Structure formats: structure tokens, C-alpha cells
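Bear in mind that the values in this text are calculations on the coordinates, not laboratory data. As the structure is a prediction and not an experimental result, all values here were calculated from the model. Heads up, the Cβs are rebuilt from the backbone with ideal geometry, glycines too, and the neighbour counts pull from every protein chain shown.
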Amino acid sequence: MTANILPNYIDGAWRAAVALETLPVTNPATGEVLAHVPLSTAADVGLAASAAQAAFDGWRRTPATARIQFLFKLKRLLEDNMAELARTITLENGKTLEESRGELARAVENVEVACGIPMLMQGDYSEDIARGIDEYMIRQPVGVCATIAPFNFPGMIAFWYLPYALACGNTFILKPAERCPMTMQRVFELLHQLELPKGVVNLVNGGPVAVDAILDHPLVRAVTFVGSTAVARHVYARAAANGKRVQAQGGAKNPVVVLPDADLEMTTRIVADAAFGNAGQRCLAASLAITVGGVHSQFVEAIADAATNRVVGYGMDAGVEMGPVITAQSKTRIQGLMRLGTAEGARLLVDGSTAAVKGFANGSFMRPSVMDGLSPDGEIARAEIFGPVLGLIHVESVDAALEFINSGKYGNMACLFTASGASARKFRVEAQTGNIGINIGVAAPMAFFPFSGWKDSFFGDMHGQGKHAVEFFTQTKVVVERWPQEWTRKF
Ligand code: NAD
């Protein structure tokens, strides 16, 4: 074995996992093995949970104003190390450096929002709910909280939760994706520099075994998950059955609707970015464009051009607009879904399924693909592809587009391109998805808004980021107090 085995971070120190089994972490552009990730077991999770529990009482009693001082320092450390963190994301995930910097900017933004906790977690007070009786509500932390993350945003998704969990006074365990664990390894080196009390933050590397151990561990009080719908459903059910607070964000099939009055040049540029950016591996990737009325032929031509001209290559290299997909298996899966699409009657307008990049024979590269005329009743019009493939469907009205969108099982995002305020308003009111874009292709909420998936894209009540995260990471306590006037002492 040439590359190192990544350690876990538990109780303020790096330690080798108890688990002996490992997986290679590979650079998807070169095939090079970067490290080996341990597949931690219940024993590793147990160590992290015990450390986090032991740290909880001291941390929750640390004033919020003192807790956020660590976050101010973390913001500075993240910014100072931005270039290196971005390189790590690109190395293990394949996305371009610009995309890596973009996700880190959102990570920092979440730290900034969580610095407002002294105000965000304030309670409510009502005087004289009855004569001489007052009632108030305070927010207290929940306890040990855990986050389970996917591979596609190795630097950002942990930050939808980590800063809020800590700021609210919880202790925390992170289980990053086993395919991209190195970014969080580096982030935890930065967290170590903060000199937080031992056990406040913990990192457990691994896969499904570690996840199930988190879901079953009695000391873990709350779990957040981001990943595919099948696993989200499993996490939600198992954590809830064990009496935990849980939210689980799942997969998606995000439609963009193009109306005849849309600005075609701008729309094409934005839709191409939304479909092929991050190699289509975003939970907010536009994977279906629905054209309405006469715009179809013009849009088809323009988007086919944009797909053909996109620069594919190594994410580290200047000028590259799209990197590889995450693994060779992922490429094979995407190719299979494309074959299914053509079998269902779609026309492969641009076929990027077998692309190779010169000098990167071992990379899992694809080029953007466009499939026209997807069968609305077929599987491909409904299934998440999670690769650089845009399907096209044509309908005659906004109502028909909305009917199609609302009959789907996912509800992560829907976008509309138009110059009509009335069409935009109708779309915003009627589309059954939790994130809406109007002349926007990736409607990713800023850190002070919730990341609002609906339907099979989300299981739970409170979402990640902003005030939802504060609600999720606190439990309310209501106090009713009587202090009779006649007890007033005379001094
Ligand atoms: P994934 O579901 O395969 O893995 C996510 C996490 O779950 C990983 O940490 C993994 O170790 C763990 N896991 C995998 N299989 C498991 C099992 N059987 N039991 C228990 N744990 C298991 O997802 P992925 O491939 O890493 O990420 C891509 C998916 O994530 C896509 O479906 C994408 O849409 C979704 N995603 C959703 C959002 C959102 O906000 N809704 C954001 C990003 C990604």
C-alpha cells in the first residue's frame, strides 16, 4: 500500500480507526490512489459518541458569545486555507477549481450566519400570562449530533450543519463520504487549531456500517443526512425508530422550463451551466429542460451547441469547464441510463457518453450529452441521472409543464425562464418543489435560507442552514413562573 490510511479525529486527537478494512480514495481524473479511507465500525462510532457526550455539559454551559469566538477564528482559517482546500476538493472529487472555490464560499457563509447565534437562539417571554405569573421559552442544545455527508460537495455540505450545531451548544460527529473524505480531513486539521474543548467535534470515516452505528447509538440525539433518496429514506426511518431527531435530504430530478419569451442567449448559457456544471453531479443539477410552445427548435440547437463546446478536462487546469464523473462505475451507470433513454424513444442529439481526455486515460471522463424527445411516461424523464446529461421534453403550455413537474416524485428544485412576471408568479405559486429559480438555473439557497427539498427529495421537518438549522439543533423549554407580589421582601 503506497498511500496513507486516513485517521479519525476523536476527543481532540487523531487516532487510527479500530476498523481494519479500508477503501482507496482515487483522483477521478487520473485514477491515482490518493489515500485509503478506513471503514469505521460501531466501535469507532462508540468512541466518538462517548467523547462527544463527555464534552457536552461543559460546551453547552459555555456562553454562546464565547462559543462563536471559535467560529470567527474558523472563518479566518478557512479563508486563509481556501486555495489548498479547493485543490483538495478538485483532487478527490474532480470538479473544477472554480467550482471547488464556489462551494467553499458557501461553507464560509454558513459559518458567518452561525456567528449570529446569540441572537438567533434567543427565546420568547410573556409577562403576566395570569396575574403574577410569567411564561418564557428558552432554546437549549439537543446533545450529541451527527452529520452524514455525500461525495458531491466535500467542502460545503458538512457546513450546512457543523457551525450551527456547535454554536447552539451541541457536540458533533461528522461522517464524510468515503469517496471524498480528504477535504474534511484537512478541515478537521483546521478545527484542531481552534483548540476547542476535547470531544466537541469528532470525525469518523467510513461507509454504511458507520452510518448504521450512528443511527443506532443511544448517545446520538440528532442526525442530519444528505445523499441519495434510497439511503435518505433508510436513515430517516432507522433514526426515527431509535427515537432520534432526524432530517434527511435525498436525490432529485430538477426541471427547467423555457418559455418562448425567455432571453434565449442567457437561458442557454445558464441552463448549460446548471446541467453540466459539476459534471451534472449536483442535487440541484438541471437534468430536464421542458420547452413550451415555439421555442423548442431554437433552444434545442442552442443547447446542443453549448454542450458540444464545453471544455472538458482536468479540474486543476485553467480554462476547463467540466471535470470527470466520480468513478468508472458511475460512468457505466450513466451510460446505462442513456441507453435506456434511447430505448424509450429519445434521440441522442449530443453523445458525450464515451469521451476521453488526452493524457488522462485512467480518468472517468464524459462529455455533456443532450437527449431530445424523452418519453414523458418513460423512466428516464423521471429518474435521477447524476451525470452530465440533459433531457428535453416539449409541451404546449405552462400548465402542461407544471402538471408534468408536479406528477414527479422528487421536489428539490424547478426553474422557469421567462420575461413574464405573471408566468413567473404562477410557476412560483404552483410548482411543487422546495427551491424555485426564476431565470436562475441552480437555485441554491444562501446560508440564511433553508435548503428546502420537498417530496422524495427530503424526509423531515426542519432543513439545513439558517434558522431551520437553529431550530433543528435546539430543543425548546417552556417555563411558567409564579412570584406572588406579597412575597416581595421589604429591606
Ligand atoms: P449516497 O446516498 O450513496 O451516500 C451518502 C452517504 O450515505 C455517504 O456518507 C455514504 O457512506 C452513506 N451510505 C451509502 N449507502 C448507505 C447505506 N446503504 N446505508 C447507510 N449509509 C449509506 O449518496 P452519494 O452518491 O454520496 O451522493 C449523491 C446523492 O446525494 C445524489 O442522489 C444527490 O442528489 C444527493 N444529494 C442531495 C442533496 C440535497 O440537498 N438534497 C445534496 C447533495 C447531494
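By counting other Cβ atoms within 10 Å of each Cβ, how are 399, 456 ranked from fewest to most? Write out the running numbers ahead of the final one.
On the way: 399 12, 456 20.
Listed from fewest to most nearby Cβ atoms, that is 399, 456.
Kirkwood Rh, Cα Rg: Rg to Rh for the chain? Could the numbers behind the result be given before it?
Details: Rg = 24.1 Å, Rh = 23.7 Å.
Rg/Rh: 1.02.
Once you put a point 7 Å from the Cα of residue 209 and another 7 Å from the Cα of residue 407, both along the Cβ direction, what distance in nm separates them?
Those two pseudo-labels are separated by 4.6 nm.
Using a 7 Å offset from the Cα along the Cα-to-Cβ direction at both residue 420 and residue 119, what is the distance between the two label points in nm, to one decimal?
In this crude label model, residue 420 to residue 119 measures out at 4.1 nm.
Taking the number of other C-beta atoms within 10 Å as the exposure measure, put 303, 270, 117 in order starting with the fewest.
270, 117, 303
Where both residues lie in the chain, what percent of DSSP beta bridges are antiparallel, nearest 5? Numbers along the way, then the final one.
Numbers: 29 of 69 bridges.
Restricted to the chain, the bridges split so that about 40 percent are antiparallel.
Which residues' amide hydrogens lie under 5 Å from the amide hydrogen of residue 389, considering only partners 5 or more residues apart or on another chain, with H built in the peptide plane?
Amide H neighbours of residue 389, under 5 Å, 5+ apart: 369.
What fraction of the Cα pairs in region 244-386, stated in percent, has a spacing above 27 angstrom?
Working: 2142 of 10153 pairs.
That fraction is 21 percent.
Run through every distinct alpha carbon pair of region 75-123 and return the Kirkwood hydrodynamic radius in angstroms, one decimal place.
On the way: mean 1/r = 0.0849 Å⁻¹.
That comes to 11.8 Å for region 75-123.
Please give the contour-minus-distance gain from residue 328 to residue 129: 0.36 nm per residue of separation, less the Cα-Cα distance, rounded to one decimal in nm. If you can, show how the numbers build up before the last one.
Values: separation 199, 0.36 × 199 = 71.64 nm, distance 6.43 nm.
Net length gain for the segment: 65.2 nm.
Working out 0.36 nm times the residue gap between residue 400 and residue 112, then minus their Cα-Cα distance, what length gain in nm do you get to one decimal?
Result: 99.5 nm gained on full extension.
From the Cα gyration tensor of region 1-79, with a ≥ b ≥ c the square roots of its eigenvalues, which class applies: rounded if a/c is under 1.5, or else prolate if a/b is larger than b/c, or else oblate?
It comes out oblate by the Cα gyration axes.
By counting other Cβ atoms within 10 Å of each Cβ, how are 137, 156 ranked from fewest to most? Before the final figure, lay out each step's value.
On the way: 137 13, 156 24.
Fewest-to-most ranking of 137, 156: 137, 156.
How big is D, in µm² s⁻¹, for region 1-141 by Stokes-Einstein at 37 °C and 0.692 mPa s if Rh is the Kirkwood radius over C-alpha pairs? Write down the numbers at each step before the final one.
On the way: Rh = 19.0 Å.
Stokes-Einstein gives a translational diffusion coefficient of 173 µm²/s.
Pairs 331/426; 75/175; 95/426; 175/426; 426/477; 95/467: which exceed 32 Å Cα-Cα?
Working: 331/426 38 Å; 75/175 21 Å; 95/426 35 Å; 175/426 41 Å; 426/477 40 Å; 95/467 30 Å.
Those over the limit are 331/426; 95/426; 175/426; 426/477.
Give me, ordered by chain and number, the residues 5 or more places off residue 349 or on other chains with an amide H under 5 Å from its own placed amide H.
370, 371, 372
Just how large is the dipole of the chain about the Cα centre, in debye to the nearest 20, putting +1 at every Lys and Arg Cβ and -1 at every Asp and Glu Cβ?
Working: 43 positive and 47 negative charges, 221 e Å.
My answer is approximately 1060 debye.
With +1 on the Cβ of every Lys and Arg and -1 on the Cβ of every Asp and Glu, and nothing else charged, how large is the dipole of region 286-386 about its Cα centre, in debye rounded to the nearest 20?
300 debye
Stretched out fully, how many nm does the piece from residue 105 to residue 140 gain, at 0.36 nm a residue minus the Cα gap?
Working: separation 35, 0.36 × 35 = 12.60 nm, distance 2.91 nm.
Contour length minus the Cα-Cα distance gives 9.7 nm.
Cut-off 16 Å, label point 7 angstrom out along Cα-to-Cβ of residue 430: give me the residues of region 375-413 whose amide nitrogen falls inside.
Under cut-off, by backbone N: 395-408.
Which distance in nm do the two modelled labels at residue 32 and residue 462 give, with both placed 7 Å along the Cα-to-Cβ direction?
If labels sit at residue 32 and residue 462, their model points lie 4.3 nm apart.
Residues in region 410-435, backbone N under 13 Å from the label point at residue 298 (7 Å along the Cα-to-beta-carbon vector): list them, ranges by number please.
418-419
In debye to the nearest 20, how big a dipole does region 162-305 give about its Cα centre with +1 on each Lys and Arg Cβ and -1 on each Asp and Glu Cβ? Spell out each step's value before the answer.
Details: 12 positive and 11 negative charges, 176 e Å.
With Lys and Arg at +1 and Asp and Glu at -1, about 840 debye.
Tell me, Kirkwood radius of region 180-235 from alpha-carbon pair distances, in Å? Spell out each step's value before the answer.
Values: mean 1/r = 0.0757 Å⁻¹.
With all distinct Cα pairs of region 180-235 included, I get 13.2 Å.
For a Förster distance of 22 Å, can you work out the FRET efficiency between the beta-carbons of residue 354 and residue 233, rounded to the nearest 0.05?
On the way: r = 33 Å, r/R0 = 1.52.
Working from the Cβ atoms, E equals 0.10.
Report the net charge of residues surrounding residue 381, where surrounding means a beta-carbon distance below 9 angstrom and charges are Lys +1, Arg +1, Asp -1, Glu -1.
-1
Could you work out [θ]222 nm for the chain from helices alone, using -39500 (n - 2.57) per DSSP H run of at least four and dividing by all its residues? Round to the nearest 500 deg cm²/dmol. Mind showing how you got there, number by number?
Working: 15 runs with 179 residues, N = 491.
After summing the helix terms and dividing by residue count, I get -11500 deg cm²/dmol.
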